[in-house]
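Report on one structure; see the data block that follows.
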Amino acid sequence: PPGMGGQELMDLSDCLDHGPMQILDTTPLSNVVDMFHSLGLRYLVVTREGRLVGLIKKKDILEHLDYRRGLAAFRDADAL
């Protein structure tokens with residue numbers, strides 16, 4: 001079907017996962033990291049007692065891990 005600017009659009013909805021992965025708000029960070037890595041996820045829905053309480057993006061996890069590495073490096077350098 002034609003799209004904006006005369007470009008053709010392709011319907012990829014059959015290829016997409018319409019049911020996002022969800023975790024509990026008590027899920028350990030190590031499990032969350034493993035899920036992103038092993039399942040190739042871009043985001044996770046966070047729930048508590050069946051209600052949405054948040055969304056974690058892969059970018060959030062990567063930034064957090066970088067921050068923790070930076071803290072560890074700072075502590076190591078401070079110990080010298």
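The values are calculated or read from the model by the stated rules, or taken from the named source; none is laboratory data. Treat the numbers as computed from the prediction; the structure is a model and nothing was measured. Heads up, the Cβs are rebuilt from the backbone with ideal geometry, glycines too, and the neighbour counts pull from every protein chain shown. Areas reflect the complete protein model, heavy atoms only, side chains present, ligands, DNA and RNA absent. Shrake-Rupley method; radii C 1.70, N 1.55, O 1.52, S 1.80 Å.
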### Query
HN-Hα J couplings of the stretch 63-73 from phi, Karplus 6.51/-1.76/1.60, θ = phi - 60°, integer Hz, Gly and Pro as x?
5, 5, 5, 4, 4, 5, 5, x, 4, 5, 5
### Sequence of T26, T47 when ordered by accessible area, the most exposed leading, probe 1.4 angstrom
T26, T47
### Message
I want to check the label-to-label distance for R42 and R69. Put each point 7 Å from Cα in the C-beta direction and report it in nm to one decimal.
### Response
2.3
### Query
How many nm separate the modelled label positions at E49 and V33, each set 7 Å beyond the Cα in the direction of the Cβ?
3.1
